[in-house]
Amino acid sequence: MAAAVVAALRGPGLKGVPILRALLQGASPRVRLQHSRSPLQTKHEPGPWPPGLEYIPKKKAKNPMKAVGLAWYNLYARTWLGYLLYKKQLQRARHRFPDGHSAVQPRVFNGVKVLPIPVLLDNYSYLIIDTQSKLAVAVDPSDPRAVQAAIEKEGVTLVAILCTHKHWDHSGGNRELRRHHRGCRVYGNPQDGIAHLTHPLCHQDMVSVGRLQFQALATPGHTRGHMVYVLDGEPYKGPSCLFSGDLLFLSGCTMLNSLDLIMGLGDDTLLWPGHEYSEENLSFAGLVEPENMAREKKMQWVQQQRLQYRSTCPSTLGEEKTYNPFLRTHCLALQEALGPLPGAGGDAGPSRARILEELRRRKDQHKGK
């Protein structure tokens, strides 16, 4: 396998990845991808290093695996190699789950239909339909075949795609769907480098399709340009819907503002996530707050659903606030359950940012088990 990847990397499309080739051949990593530069960092060492790579002497590399992980991430997110990996995953998922990984239940509200589409191993795409005009919007269409099948079954016209972020498991179907639907617009944050983006959005921009009115909200964290989309419920006299992508997979305490932005939405807002991760997330929440009865009740329901391969979405934002620890950093019960945090100090207790950082650390440990 390693030899095959090394051979692939010798092609003309990837001349700037000597670190990965060296790693696969057993050499020690000596470079890292450079996102930003601080005054304390040393200058580039002379040598045939491509732009964007910095020489790191062995003695300074306390954790060389960080460089490995960063290199792999950049290859997945920014090169054709990542796209090929996504296509391979797509083929395997189609073979394993020809009808999708979960049985879904669409929601209909006074002429608006929200249809979850289970794709890959645990992702969700969404088709939102104005049933009067027969116009539709797709959110994160990672499997174009599954989304196209839903479009044909519903007898609608796809006019817009909303992408929460650049990762292939959320944007991989953009190109093929645009070929099927001439004039289909692809919306997203230009900071994220989304494939085949045609209409860049800024924070709080509006996208209207028939009676469907979406507001784009910038929620950096999972990626720098991550966005969520809120479907306004007022035009159809129903609940608003939040299409959250990978919002709750935050990378650190600096992303607290993204969560606070979502917390300001109404408690009856329906939360449509990018993945079927409810059982895993509730399992982690139980480790953090074992006495939380709302979590226990929700977990029992989720386990019953998953035994029958049924989808567990949507939940409501108000419901999530009762058991999702990432939305409870302000709650005394959660702070007490976490116990004293190293480095927090002060009589006022740990800051919400410090709590979020600790939650992320424990979640990473939980995933690694």
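The values are calculated or read from the model by the stated rules, or taken from the named source; none is laboratory data. Computed from a predicted model, the values in this text were never measured in an experiment. Because the Cβ atoms are built from the backbone with ideal geometry, glycine has one as well, and the counts that use them run over all protein chains shown.
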Taking the stretch 191-210, which residues are part of a loop (DSSP other than H, G, I, E, B) and of a type in the set (A, V, I, L, M, F, W, C)? Ile194, Ala195, Leu197, Leu201, Cys202
Return the residues of the stretch 151-173 that are crowded, with 24+ Cβ neighbours inside 10 Å, without any contact (Cβ under 8 Å) to a residue 40 or more places away in the chain and in a helix (DSSP H, G or I); say none if nothing qualifies. Ser171
Report yes if some residue within the stretch 260-272 is out of contact with any Leu (no Cβ under 8 Å at 6 or more places or on another chain) and either at pLDDT 95 or above or among the acidic types (Asp, Glu) (or both); otherwise report no. yes
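This table checks each residue for (1) touching a Ser or Thr at 6+ places or on another chain (Cβ under 8 Å); (2) at pLDDT 90 or above; (3) surrounded by 18 or more Cβ atoms within 10 Å (Cβ to Cβ).
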residue: Tyr323; (1), (2), (3): no, yes, yes
residue: His330; (1), (2), (3): no, no, no
residue: Gly339; (1), (2), (3): no, no, no
residue: Gly346; (1), (2), (3): no, no, no
residue: Leu359; (1), (2), (3): yes, no, yes
residue: Asp364; (1), (2), (3): no, no, no
Of all residues in the stretch 223-232 being in contact with a strand residue (DSSP E or B) (Cβ under 8 Å, 6 or more places away or on another chain) and surrounded by fewer than 24 Cβ atoms within 10 Å (Cβ to Cβ), which is nearest to Met263 (Cα to Cα)? Val230
Mind listing just one residue for me: the one in the stretch 207-248 that is more than 15 Å from Gly188 (Cβ to Cβ) and among the acidic types (Asp, Glu) and, of those, modelled with the lowest pLDDT? Glu234
How about the stretch 307-347: which of its residues are touching a residue at least 60 places away in the same chain (Cβ under 8 Å) and basic (Lys, Arg)? Arg310
What number of residues within the stretch 260-283 satisfy the criterion of being assigned to a helix (DSSP H, G or I), hydrophobic (A, V, I, L, M, F, W, C) and crowded, with 20+ Cβ neighbours inside 10 Å? 2
